[in-house]
Amino acid sequence: MSNDIAVRVSGVSHHFGEVGDAHHVRALLDTSLDIARGELLALIGPSGCGKSTLLNVIGGLLEPSTGSVDVGAKRVNGPMPRDIAYVFQENALFPWNTVLDNIKLGMLFQGVPKAEHEDRARQSLKAVGLPEFANHYPGQLSGGMRQRAALARALSLDTPVLLMDEPFGALDEQTRMVLGEDLSILLSRTKKTIVFVTHSLGEAVFLADRVAVFSARPGRIKELISVDEPHPRKPEFVTAPKFTALRNRLYELLHDEIRKSVELSAPAPGAGAH
C-alpha cells in the first residue's frame, strides 16, 4: 500500500444475522475506498445506510462479512488501540474521575508508559482549549466541554487514525459550529487521518476534505465529493458560494436515498390493522 494511503477499504460488505433469517440485514455492500494520510473523510447518508458499520469495521470492532481493511501496513483483524482512537456521540467519560484522570485512563488501557501520562494528558487538554478544567468532573462541564474532553482523551493516545461517530450530534447548532472550527484547526496542526460520521450536510462540507455519500441500505458509496478548501477553515466559509453549492449538491444526492430509506422502513400495508 502506498505511503500516502492511511486506510484502505477493499470490497467490504457486512450483514447482520444469518442469510434467510427473518432478521437478516445487509448493512453494507461491496465498499472500496482509499483514505489519504492527513485527510478528513466525512461519511453521510440516510439512517441505517451502513456509515457507522463501516466505521466499526475500520476500527476492528466488527469483522466484515467479505473484504478487508488495512491501516498503514497492517491488516485490521480486531481493535488496534495503538493505531486507531475513537470519539463517540456519547462522551463515555467516567463521572467519578476528573477530566485529567479520564484522559490518563485511556492511556493506561493503551499501554502508554505511566511516566508520560501527566504531560500527554495536559498537552491534549491544551489542544482542545480545556487546560484549566483538568481537575473538574464531567458533571461540572457543559455538553460541548465534555465532548472536548473526550476528544482530548483520543488525542492523548497519539494514534495516526481517529474515528469519530457523530461526536457533535447531541449538541446544539452553535456549539457544533465552534467545535467544528476547533477540529479544523486541530487537523491542520496534527495531520491526523480522521473518518467522521455525520448527518449534518453543513458539518460535512465545513469539516471534510472529501465526503462519501452513501445510498440507502444496503449501503454503498454513491459518490465521493471533494471539498477544495484548506484547513483551518474560517467561519466565513459557511457563507461562501462554494459552501452553498457543495451543500446543495449533497442534498441532491441524498434526497432520493433518504426517501428510499423511509420507504424501506415503512410497515407493510395492513400491518397493525388488527
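The values are calculated or read from the model by the stated rules, or taken from the named source; none is laboratory data. No experiment lies behind these values; they were computed from the predicted model shown. Backbone-built Cβ (ideal geometry, glycine too); neighbour counts: all protein chains shown.
A few remarks follow.
- Comparison of ASP182, ASP165 shows that the only residue that is touching a Gly at 6+ places or on another chain (Cβ under 8 Å), touching a residue at least 40 places away in the same chain (Cβ under 8 Å), on the phi < 0 side of the Ramachandran plot and not hydrophobic (A, V, I, L, M, F, W, C) is ASP182.
- Scan the stretch 124-149 for residues that are modelled with pLDDT under 90, surrounded by fewer than 15 Cβ atoms within 10 Å (Cβ to Cβ) and among the polar types (S, T, N, Q) and the total you get is 1.
- Checked against (1) over 20 Å from the mean Cα position of the chain (by Cα); (2) surrounded by 14 or more Cβ atoms within 10 Å (Cβ to Cβ), PRO113 passes all but condition (2).
- Failed criterion for THR53 (all others in (1) at pLDDT 95 or above; (2) buried (at least 22 other Cβ atoms within 10 Å of the Cβ) hold): (1)
- Taking the stretch 150-247 as the region of interest, the strands (runs of 3 or more DSSP E) fully inside it that hold 1 or more residues being surrounded by 23 or more Cβ atoms within 10 Å (Cβ to Cβ) and among the β-branched types (Val, Ile, Thr) are 193-197, 210-214.
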